[in-house]
1. Between K28 and Q194, what FRET efficiency follows from the Cβ-Cβ distance if R0 is 30 Å, with the result rounded to 0.05?
2. Gain in length, N175 to R88, computed as 0.36 nm per residue apart minus the alpha-carbon separation, to one decimal in nm?
3. What does the C-alpha gyration tensor say about the overall shape of segment 51-203? Classify as rounded when a/c is under 1.5, otherwise prolate if a/b is larger than b/c, or oblate.
4. Report the paramagnetic label zone for S59: residues of segment 228-249 whose backbone N is under 18 Å from a point 7 Å from Cα along the Cα-to-Cβ axis.
5. Just check segment 138-224 against the gyration tensor rule for me: Cα atoms, a ≥ b ≥ c as the square roots of the eigenvalues, rounded for a/c under 1.5, and otherwise prolate or oblate depending on whether a/b exceeds b/c.
6. Within a Cβ distance under 11 Å of S59, other residues only, what is the Lys/Arg minus Asp/Glu net charge?
7. If each residue of separation counts as 0.36 nm, what is the full-extension length gain between T36 and N123 once their alpha-carbon separation is subtracted?
8. Fewest to most neighbouring Cβ within 10 Å: what's the order for C197, C247, C183?
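Readers should treat all values here as calculations from the given coordinates under stated rules, not as data from a laboratory. Everything numeric in this text was worked out from a predicted model, so none of it was measured. For neighbour counting, all protein chains shown are included, and Cβ atoms are generated from backbone atoms with ideal geometry for every residue, glycine included.
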Amino acid sequence: MDRLLLVAVAVAVAVLCLLSGVHSTSFKIVNKCRRTVWPGLLSGANTAQLPTTGFALPSGASRTVPLPRSWSGRIWGRTLCGRDSQGRFACGTGDCGSGEVECRGGGAKPPATLAEFTLNGANGLDFYDVSLVDGYNLPMLVVARGGKSGGCSATGCLVDLNGACPAQLKVATGNGTGRAVACRSACEAFGDPQYCCSGPYATPDTCQPSPYSLFFKNACPRSYSYAYDDKTSTYTCAGADYIIIFCPLPYTSQKVLTARKESAKLLPLVNKTTMYLMSKYASGASFSGLLQVQFAWGFAISVLTSVILFWPYL
């Protein structure tokens, strides 16, 4: 009898877990970069940390992370990681300060491209975005899979902005003299309340896009570029799993958009009419001298532009 009672309790618990949606959402994290990326995961306030908060993801590999249905937090990619002379784990970009591969509640040190989620929020919708508010270090794409309602649009920043980063924002190896590996936000670079949307600029009316935030927005129209960029940067879906891709190929966006039959009125994942001239920024020229080249040759030229911006992958 006791044994039957235990079996009945176990079955009841399993059913309750299914009904309550525990682990009903998953993130499939994919690394399309040429080098290993170390994803970091941070749960939001009043949300328990996940069983894994960081791991190594070799080039071409993927890993699926199950999540509680009601979860909020962020995911990012760390690069140029290894152990120092004292055995502490550290990364060149996106480091979370734990000294370990697991972040254990530590967040990304800017600059870092962030995927942000609130699952099962208002009206049962998931809210998600890709944010460049804290700067940029890797191309990233978020794709909702199997969603039932809410739009479920793909979002992200598909291009490599490091080479095109304005000189004032650029982070490079070799004490700033080597290869560009990240692009800081103007807030981090200058600490000016006007760029940070703080102090007298802490409202949507007083904090407006800056030339620096527009650099990010022009290249990645769906990504958050500054604190009050909500209208064109936050997306919703219900009942979906999510694929998070580091260094997605340029044509990935076209496949996603075609498959979902998204309206032409929606913002594109890549600005197909603009190519930033990397040599202009590499020479240390003034940001006010931003040059753009307008293309009128359609899709083939736009893909070529994306490839140029993507090279090299981190």
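1. On the way: r = 39 Å, r/R0 = 1.31.
Efficiency, rounded to the nearest 0.05: 0.15.
2. Computed gain between N175 and R88 is 29.3 nm.
3. Oblate is the answer for segment 51-203, as a/c is 1.5 or above yet b/c matches or exceeds a/b.
4. Inside the label zone: 245-249.
5. Oblate, because a/c is 1.5 or more while a/b does not exceed b/c.
6. In short, +3.
7. That works out to 27.5 nm of additional length.
8. With the fewest neighbours first, C197, C247, C183 line up as C197, C247, C183.
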